[in-house]
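The values are calculated or read from the model by the stated rules, or taken from the named source; none is laboratory data. As the structure is a computational prediction, the values presented were derived from the model and not from experiment. When we count neighbours, we look across all protein chains shown, and the Cβ atoms used for this are built from the backbone with ideal geometry, even at glycine.
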Amino acid sequence: MECEHCKKREAITTVGGRKVCDVCARNEILKRIRRDAVSRKVFDYKDKILFAEPDFLKGESELLKAILLKSCYSCNLDPYTLEIRTSGNSITDKLWEIMRSVLMNATQRSIRKIVLPFTADFLMAYLIYSVSTGEKEYIWLLDYKNDFNGIEFIVPFFSTSWKELSGFMNSKTISGDNLMDLILNWERETLSENYELFHAYWNSANILKGDRRCKTCGAYVTHDDLCLRCSRETISRP
């Protein structure tokens, strides 16, 4: 099937509901990332930015950094990449490790903006995971931009799915959490053509959001100032 945009090359994926070739797919994603960044006014000139690079999202992290720096070249951003090795068995454990790492490093380096590499299909899978397990600690991440303790968390791929990024990369996210990976595989096999779902899923997250947050990692808590994981971390310190 020929590309619906350029009418010259063979279509390999779907971006925004249109069958496009790899060249047009890359161009469309670049325009989307730039449009979102400009319209939301998230970056200022020479902003110091921390790019989170979790081990199970390394490909997405590297791609996002390259796209964002190219899309926002006029901002002359000052990037710092933080590689994060996760060891938790559940996706909630891994998100906790990510949040602890980025917040600690951002504070140490006086960085006020953190870029996370979560894609739309990953975040929608996490939403389903949260509903299924009741573990909704980081459901607040399901948005383009979030604020916590004076730091902005920016998720440029929040409305861009793995399939839409296939013009850049072909690797699939494997979180290491069996249930999370099962949901991700189900999405890819049954929902990959329903692109509109990846542009509306976050509305469902509103019913799961809480009011009280852990003062250290931002996880939703029902009481106290620290979540269970941060409490254990504090107690275990010598």
Report task. Give the number of residues within region 1-30 that are basic (Lys, Arg), outside any loop (DSSP other than H, G, I, E, B) and either in contact with a Ser or Thr (Cβ under 6 Å, 6 or more places away or on another chain) or without any contact (Cβ under 8 Å) to a residue 40 or more places away in the chain (or both). Result -> 2
Query raised in the report: Just wondering, is there one or more residues in region 100-118 that are surrounded by fewer than 17 Cβ atoms within 10 Å (Cβ to Cβ), within 27 Å of residue 177 (Cα to Cα) and of a type outside the set (A, V, I, L, M)?
Result: yes
Query raised in the report: Which of the residues belonging to region 90-128 are touching a residue at least 60 places away in the same chain (Cβ under 8 Å), more than 13 Å from residue 141 (Cα to Cα), assigned to a helix (DSSP H, G or I) and not aliphatic (A, V, I, L, M)?
Result: 93, 94, 100, 121
**Report entry** Subset of region 146-178 that is in a loop (DSSP other than H, G, I, E, B) and aromatic (Phe, Trp, Tyr) - its residue that is farthest from residue 102 (Cα to Cα)
**Finding:** 168
Query raised in the report: Between residues in region 198-215 that are of a type outside the set (A, V, I, L, M) and residues that are loosely packed, with under 14 Cβ neighbours inside 10 Å, which pairs lie under 6 Å by C-beta distance while being six or more apart or on different chains?
Result: 215/225
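So, residue 81, is that one in contact with a Phe, Trp or Tyr (Cβ under 6 Å, 6 or more places away or on another chain) and more than 29 Å from residue 196 (Cβ to Cβ) or not?
Judged against the criteria, residue 81 is a match.
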Query raised in the report: Do the conditions hold for residue 137, that is, is it closer than 27 Å to residue 62 by Cβ and in a strand (DSSP E or B)?
Result: no
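Take the residues in region 143-178 that are more than 18 Å from residue 37 (Cβ to Cβ) and crowded, with 19+ Cβ neighbours inside 10 Å, then tell me which one is modelled with the highest pLDDT.
Among residues in region 143-178 that are more than 18 Å from residue 37 (Cβ to Cβ) and crowded, with 19+ Cβ neighbours inside 10 Å, the one modelled with the highest pLDDT is 177.
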**Report entry** region 31-69, residues that are without any contact (Cβ under 8 Å) to a residue 24 or more places away in the chain and at positive phi
**Finding:** 41
Query raised in the report: Just for region 25-79: of the residues that are exposed (fewer than 13 other Cβ atoms within 10 Å of the Cβ) and aromatic (Phe, Trp, Tyr), which one is modelled with the lowest pLDDT?
Result: 73
**Report entry** Only listed residue being of a type outside the set (A, V, I, L, M, F, W, C), out of contact with any Gly (no Cβ under 6 Å at 6 or more places or on another chain) and not in a helix (DSSP H, G or I), chosen from 181, 143
**Finding:** 143
Report task. For residue 10, work out the one condition from (1) surrounded by 15 or more Cβ atoms within 10 Å (Cβ to Cβ); (2) out of contact with any Lys or Arg (no Cβ under 9 Å at 6 or more places or on another chain); (3) among the acidic types (Asp, Glu) it doesn't fulfil. Result -> (1)
Query raised in the report: If you take the residues of region 188-212 that are closer than 23 Å to residue 15 by Cβ and touching a Ser or Thr at 6+ places or on another chain (Cβ under 8 Å), which of them is surrounded by the most Cβ atoms within 10 Å (Cβ to Cβ)?
Result: 198
Report task. Among residues belonging to region 35-84 that are more than 15 Å from the chain's Cα centre (by Cα), basic (Lys, Arg) and not in a strand (DSSP E or B), point out the one that is nearest to residue 108 (Cα to Cα). Result -> 46
**Report entry** All positions within region 215-238 that are part of a loop (DSSP other than H, G, I, E, B), modelled with pLDDT of 90 or more and closer than 13 Å to residue 136 by Cα
**Finding:** 218, 219, 221, 227
